[in-house]
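Okay, structure first, notes after.
The values are calculated or read from the model by the stated rules, or taken from the named source; none is laboratory data. Please read all numbers here as calculations on a predicted model, not as lab measurements. With ideal geometry, Cβ positions are generated from the backbone for all residues, glycine too; neighbour counts draw on all protein chains shown. The protein model used for the area step is the full one, side chains on, heavy atoms only, and it has no ligands, DNA or RNA in it. Shrake-Rupley method; radii C 1.70, N 1.55, O 1.52, S 1.80 Å.
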Amino acid sequence: MSTLELEIERNAFLSTLYKAQGVVDKKSTVNVLSHLLIEPSSDGLKLTGTDYDVVLEAALDARILHGGLACVNGKSLFDVMKSLDAPTVHLKVLDTHWIEVKAGRSKFKLAGINPTDFPEIRSPDEVVWFGIPHGTIKDLIEKTAFSVSGDETRMNLNGVFFKLDPSEEGRATLTMVSTDGHRLSKVETTVEVGGYDGQPYQAIIHKKGVQEMRRLLEDDVEHIEVGFARGYILFRSRGTTFTVRQIEDTYPDYERVIPPDPDSRIVANRAEMIAAIRRIAVLTSSKTSILKMELADGGMAFTTSNPDYGEGRDEIDVTYGGEPITIGFNYVYLLDVLNVLRSEMVTLSCNDAFSPTVITSDDEPGARFVVMPMRI
Amino acid sequence: MWRHRLRKIIHVDMDAFFASVEQLDQPELRGRAVVVGGDPKGRGVVAAASYEARRFGIRSAMPCGEAARRCASAVFVRPRMERYREVSQQIRAIFESVTTLVEPLSLDEAYLDVTQNSLEEALAGRVAIHLKRRIRDEVGLTASAGVGPNKLIAKIASDLEKPDGLVIIPPERVLSFVSSLPVERLWGVGPATAKRLHEMGLRQAGDVAERSVEDLVNRFGNQGRTLHALSRGIDERPVHNHREPKSRGSETTFEGDVTSEARLSLELGRLAEDVSRRLGRLGRAGRTVTLKVRYSDFTTITRSRTLRAPTQDGATIARAAQELLTTATEAGERPIRLMGVNVSSLDQDDTPIQLQLPFKEMAPY
């Protein structure tokens, strides 16, 4: 039996292992899904991990001293690699499938399992790849990831809806939408997409894939490659590929819950609003997270009244000329939106205490956030 | 432990309520045997029967087919819950004009604590007469009332001279009144407890009263203590002026046993919408969705699932119920006779409800 033996640069290995941490199962150490498969490839090393919703495949530079396979717990390998301070690491598979790690004067033996137990990964065929600017995809994901539903009875909402549509001059309009039934985020932007064939594409990206995506986005690269395939959507950057299962369901008709032109528009300073909400949130009930937003001529006040804790009130100046109105909100929903916007001022549009409120910003025209009030 | 404060409790029970409302609204039904319930050709049951129908032996919960056989001339009417609720509200308003301590048990029954009352009437019997008269004059229906020093006595008394009855049990007559009652009449005594009491040779409340508390507790646990008190006509349960509903549900018995999963899903959607409407009327939301399934052989199972947040939404309720149907029942394999959906763990009255985005197609499956 051949036993894998190799040398690898510690920092590069660590950064790849970091990207794999979301994919490996950390709850169990014996479960094969908590393990990473290490195998030699044409240009170095290939690392594979999966939790069945997401597959990570990473190519790395390494000096293969002896061919073979290894299968080791992804979290222990990451933790050990993180603790090392030598620039180069020496890995060698032992007879028991365990793996010996040597770096400088440190030496570890990590428990491993038989690589043949690792599930066979079937790569999707016929992937259509596009290059999307890093900043664009990062913005789309940051503005939508927070409002994905965690309710597993609503499978189609357990992911971010993503679509590409042809726009003028060979460019593409990218749209991402997420909703948990209480709130909805929609971001739309038109950009130059590398290799775009002018066809419409769409997918519901499983929320786990969205989380893994964010790890890729920490890379300092110009483009992220996005691939569409039957049943999957793929993300690739610097030799690391995440293959994410699509949620094969229909996404709800989100346009119908975005109110077209509400009665009253309120312009508020975003930072002031966040500060006031945070102060009042101190006294809100942890069960409902409700606060009341009172609007009157020229002013917006946040209030809370809780028989167990006490009361609070905070005011900010806003442009509002309508009738006085009080709307209940889950303050977390408001903060989530205000925190992903970047402009100084934000615009709130609301009709009444029972209808969707829309939050937008003039500087970020493609983004619309809809928040349903709480009935007080 | 004896409470010195003497209470005056009235139990008001509307006479054949649903059927009487139908006779009130449709004069041509007056004097006729009226059965409110399902289709006599189907498998629905009797929800209410007018006194004319009861003379034929027609009773609540009897299959409608059976009722039709007993009285060929009976008029079968589908229930109109909206209307009954409306009339019930009218009656409740009359009660509440007399005392704030009104505890409705259902649409047609309520306890009233009239120890203090707005009529400033010391005699509870006169308050009962006043209530009965107002219900007749203002609503057009008759009610039976029982008056006593506690709920147990008032409730048993209201049942003694139906319809349009009034039975007053003054405190000094309580013991003799209770003693002669069969044990089945005591609150909390169902067929199982009654059987065990009978086996001990205890048939009337007076027989139970003669046993010691210790003896009863040894045999019946905590219920023994309650039995002992009730058998002596002692009942300290207060009248709660708002009875907290614990759940809202809806169920249906099929015309024929159903095996088709598509049909079951469809029915589930309807039941969930119905429960959603009921919760809406209550202004409450609940977290626990319970599915009840009765197979053709009458084996009945219930399965529950607790959601992350309270809901009132029909589609959400349907989704949870559908999941239970698919994963926790033998739907599709064993024929199903009855199916019910219930939502419990209701939030507090003043708990704010997170409103849902108005998606149309968030329908179940």
Name the longest site-free stretch of chain B, where the excluded sites are GluC sites (Glu not before Pro) in a DSSP loop with no more than 14 other beta-carbon atoms within 10 Å. B:1-119
Counting helices only, and only those DSSP H runs with n ≥ 4, report the 222 nm mean residue ellipticity of chain B as the sum of -39,500 (n - 2.57) divided by its residues, in deg cm²/dmol to the nearest 500. -10500 deg cm²/dmol
Straight-line reach only, C-alpha to C-alpha below 18 angstrom: list the lysines that A:LYS102 could link to, leaving out same-chain residues fewer than 8 apart. A:LYS75, A:LYS82, A:LYS92
D (µm²/s, integer) via Stokes-Einstein for chain A, Kirkwood Rh across alpha-carbon pairs, 4 °C, 1.567 mPa s: value 56 µm²/s
For region B:1-169 the mean separation of alpha carbon contacts under 8 Å (6+ apart) over residue count, i.e. relative contact order in percent, is 28 percent
Would you work out which of B:GLN223, A:LEU335, A:LEU4 lies farthest towards the positive end of the dipole of the protein assembly as shown? Charges go on Cβ: Lys and Arg +1, Asp and Glu -1. B:GLN223
B:VAL34's amide H: which non-local residues (gap 5+, or another chain) put their own amide H closer than 5 Å, with H modeled 1.01 Å from N in plane and none for Pro or chain starts? B:SER50, B:GLU52, B:ALA53, B:VAL75
Please list the radius of gyration and Dmax for the protein assembly as shown, considering alpha-carbon atoms only, with Å as the unit. 34.9, 104
When N counts the residues of chain B, how does its alpha-carbon radius of gyration compare numerically with 2.2 N^0.38 Å, as a ratio? 1.11
For B:GLU210 and B:ALA122, compute 0.36 nm times the residue count separating them, minus their Cα-Cα distance, and round to one decimal in nm. 28.3 nm
Per residue of A:172-180, how many C-beta atoms from partner chains lie within 10 Å of its own C-beta, taken as a mean? 1
Top to bottom by accessible area (1.4 Å), largest first, where do A:VAL332, B:VAL183, A:VAL340 land? A:VAL332, A:VAL340, B:VAL183
Protein accessible surface hidden between B and A, which excludes ligands and nucleic acids, total in Å², probe 1.4 Å: 2100 Å²
Residue-averaged beta-carbon neighbours from other chains (10 angstrom radius) around A:181-187: 3
Please sort by residue number the trypsin sites (Lys or Arg not before Pro) in region B:219-317 whose DSSP state is loop and whose Cβ has at most 11 other Cβ atoms within 10 Å. B:LYS246
Dipole-positive endmost among A:HIS206, A:THR175, A:ILE137 within region A:128-254 (Cβ charges, Cα centre): A:HIS206
Counting other C-beta atoms within 10 Å, and keeping those with at most 13, which DSSP coil trypsin sites (Lys or Arg not before Pro) do you find in region A:246-322? A:LYS287
Taking Cα pairs closer than 8 Å and at least 6 residues apart, the relative contact order of region A:5-117 in percent is 29 percent
Assigned charges on the beta-carbon of Lys, Arg, Asp, Glu; the protein assembly as shown dipole about Cα centre (debye): 3420 debye
Loop-located GluC sites (Glu not before Pro) in region A:100-175 whose Cβ has at most 10 other Cβ within 10 Å (DSSP): A:GLU120, A:GLU126, A:GLU152
Karplus couplings for region A:310-326 from phi (6.51 cos²θ - 1.76 cosθ + 1.60, θ = phi - 60°), rounded to Hz, Gly and Pro as x? x, 10, x, 8, 9, 10, 9, 7, 9, 8, 8, x, x, 5, x, 8, 10
Most to least accessible of B:THR311, A:THR116 (protein chains only, probe 1.4 Å): A:THR116, B:THR311
Hey, any idea what % of region A:1-94's accessible area is carbon plus sulfur with a 1.4 Å probe? 53 percent
Skip the ligands, DNA and RNA, and give the accessible area per residue of chain A with a 1.4 Å probe, whole Å². 45 Å²
Rank B:SER212, A:SER42 by accessible area, highest first, at a 1.4 Å probe radius? A:SER42, B:SER212
Taking N as the number of residues in region B:175-231, what is its Cα Rg relative to 2.2 N^0.38 Å? 0.96
To the nearest 20 Debye, how big is the dipole of region A:258-371 about its Cα centre, given +1 on the beta carbon of each Lys and Arg and -1 on that of each Asp and Glu? 420 debye
Below 26 Å, Cα to Cα, which lysines can B:LYS41 reach? Residues fewer than 8 away in the same chain don't count. B:LYS292
At 1.4 Å probe size, with no ligands or nucleic acids counted, give the accessible surface of B:LEU346 in Å², nearest ten. 20 Å²
Find the Rg to Rh ratio for region A:128-254, where Rh is the Kirkwood radius over alpha-carbon pairs and Rg uses the same atoms. 0.94
Using Cα-Cα distances under 8 Å and only pairs 6 or more residues apart, what relative contact order does chain B have, in percent? 14 percent
For A:LYS19, list the aspartates and glutamates whose Cα falls under 17 Å from its own Cα; do not include residues on the same chain fewer than 8 positions away. A:GLU9, A:ASP51, A:ASP53, A:GLU57, A:ASP61, A:ASP79, A:GLU212, A:GLU218, A:ASP219, A:ASP220, A:GLU225
Can you find, among B:SER260, A:MET300, B:ILE9, the residue farthest towards the positive end of the dipole of the protein assembly as shown? Put +1 on the C-beta of Lys and Arg, -1 on that of Asp and Glu. B:ILE9
Would you kindly give the portion of the calculated P(r) for region B:247-346 that falls above 17 Å, as a percent of all Cα pairs? 42 percent
